[in-house]
Amino acid sequence: MKKLLLAIGALILALGPFPTKADVLFPALGAAGAVSGTDILACYQGTEPVLGCTSAQLDTYFSQTTKTLTNKTLTTPTIAGGALSGTFSGNFTLSGVPTLSGLSSGTIATCAGFATASTVLISGTCPGGGGGSLTVTDGTHSVASTTTLTVGNGFLVGGSAGSATLNSTTTLDTQSGTGAFAIPSTDAGATILRTNASGGADTIANATGAFGAGFSTVYTTTAFAGNTITPATATINGLSVLKLGSYQFVEIDSDGTNYHAALGLPQPATQTGTTYLADDFTWKTTAIGANPTATAGTSANNGSATTFMRSDASPAIASATTSVLGIAKQFQAPISIGWVAGVSPNNTILLADAVQALTIQAINGRPEVALGATGTVDVYDAPSGTACSAGTKVTTSSFNANGTAATNQTLLSSPYALAAGHSLCLQVTGATWGAGASVATISAYGNPS
């Protein structure tokens with residue numbers, strides 16, 4: 001066997017040297033070069049030696065089956081359709097007029113918006129979970145990064161998708177309960193309609209916090225007259241309790257310390273001029289001649305109310321009580337004294353011994369014929385036992401006895417209180433009364449105090 005192997009080796013050496021194949025070198029494609037459709041590229045297929053293949057053959061290879069590109073960067077590619085999946089990170093730009101279809105609901109879909117007029121922004125973080133960011137302000141108060149605008153009382157939202165409208169309206173809070181209703185801060189800008197048949201002793205919190213400066217609400221009553229509004233510690237128009245009548249409205253405004261009320265008149269049951277509005281906002285029925293008491297007589301039957309307005313809008317005054325002499329207190333009885341030529345009215349008595357206190361509302365005089373020389377007359381207040389000349393001057397302007405004939409003169413500028421038992425008398429100045437031509441009258445007008 002050893003001899004056989006040596007013989008085979010000698011035979012191989014006798015055949016001579018084996019030919020060798022030189023390395024084949026492919027020149028590199030230049031940096032600025034591009035592969036065209038006719039270029040031959042070096043390819044290797046299985047056990048075959050190096051083969052030449054074209055770029056078209058490579059394109060056919062890539063298009064035949066799905067390929068995965070890992071950690072590859074595509075610079076300005078054109079992707080003609082297809083499906084994208086997975087997570088895309090970083091900032092990218094969509095130019096032209098892109099169409100995003102088939103988006104599922106959720107964060108990405110609701111956060112698509114416009115960063116500028118022509119730039120689509122798709123954000124992974126949505127403020128408040130909605131689309132876009134909005135700042136709402138009234139010029140003083142602002143809320144930023146909001147996506148929902150909720151309007152308060154007094155506004156009505158209308159329109160349709162893509163075009164909303166905001167209109168004014170009246171938000172009613174109807175309350176029919178007879179118990180105390182605590183006006184809530186949520187009634188700011190609303191109208192409270194009280195339809196209770198009794199009770200109605202309502203309350204409102206102090207004019208601070210949610211009820212602070214700027215809080216405003218409208219409160220309206222119906223047929224029942226007797227609702228009241230009581231603030232916790234503040235006042236309404238300076239009152240601790242505001243009383244309201246039937247069918248009356250009041251706008252309540254807070255200044256941060258107290259409330260102010262713009263009041264409407266309550267509606268009377270009739271408008272015939274036979275009822276009167278008292279200052280507690282209740283209407284009083286009156287008999288003819290008893291203005292304005294519920295029954296004919298000398299005393300007002302109106303509880304604490306002392307001032308009135310008639311239901312037909314004519315003015316009215318409180319019912320009169322009777323004086324000692326049977327004269328209504330509102331009636332200003334005239335008291336007069338006159339004289340003729342050649343007579344001096346000095347020390348004459350205009351009113352003797354007032355039987356009750358009087359309020360002298362006016363003192364007037366009229367010269368029919370002038371004295372012919374300088375002369376004046378004044379009215380004095382003299383108690384019993386005091387001479388007229390030692391009394392108290394009442395008139396604020398002296399009567400000019402030599403004044404223009406048949407011309408009225410006003411002698412008292414403000415009411416004068418005359419005590420019971422006092423008298424009114426005249427004092428004159430001038431030296432020619434006995435020979436003078438004066439003819440005149442002085443009158444005082446007063447009513448029991």
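The values are calculated or read from the model by the stated rules, or taken from the named source; none is laboratory data. These numbers were taken from a predicted model, which means no experiment stands behind them. Glycine gets a Cβ as well: all are built from the backbone with ideal geometry, and neighbour counts include every protein chain shown.
Brief remarks follow.
- Ser438 being surrounded by 15 or more Cβ atoms within 10 Å (Cβ to Cβ), within 18 Å of Asn346 (Cβ to Cβ) and under 60 Å from the mean Cα position of the chain (by Cα): no
- Hey, Ala287 in a loop (DSSP other than H, G, I, E, B), modelled with pLDDT under 85 and among the aliphatic types (A, V, I, L, M) or not: yes
- Residue check for Thr257: in the same structural domain as Gly177 (by TED's automatic domain parsing), closer than 24 Å to Asn153 by Cα and part of a strand (DSSP E or B): no
- Of the residues making up segment 323-349, those that are loosely packed, with under 13 Cβ neighbours inside 10 Å, at pLDDT 85 or above and among the β-branched types (Val, Ile, Thr) number 1.
- For segment 159-181, the set of residues classified as more than 17 Å from Ser198 (Cβ to Cβ) and over 20 Å from the mean Cα position of the chain (by Cα) consists of Gly159, Ser160, Ala161, Gly162, Ser163, Ala164, Thr165, listed by residue number.
- Hits in segment 176-226 - residues which are in contact with a Pro (Cβ under 9 Å, 6 or more places away or on another chain) and farther than 18 Å from Leu242 by Cα: Ala210
- Residue check, Ala352 on the phi < 0 side of the Ramachandran plot, surrounded by fewer than 17 Cβ atoms within 10 Å (Cβ to Cβ) and either touching a residue at least 12 places away in the same chain (Cβ under 8 Å) or not aromatic (Phe, Trp, Tyr) (or both): yes
- Conditions (1) closer than 19 Å to Ile192 by Cα; (2) assigned to a strand (DSSP E or B): number failed by Tyr276: (1)
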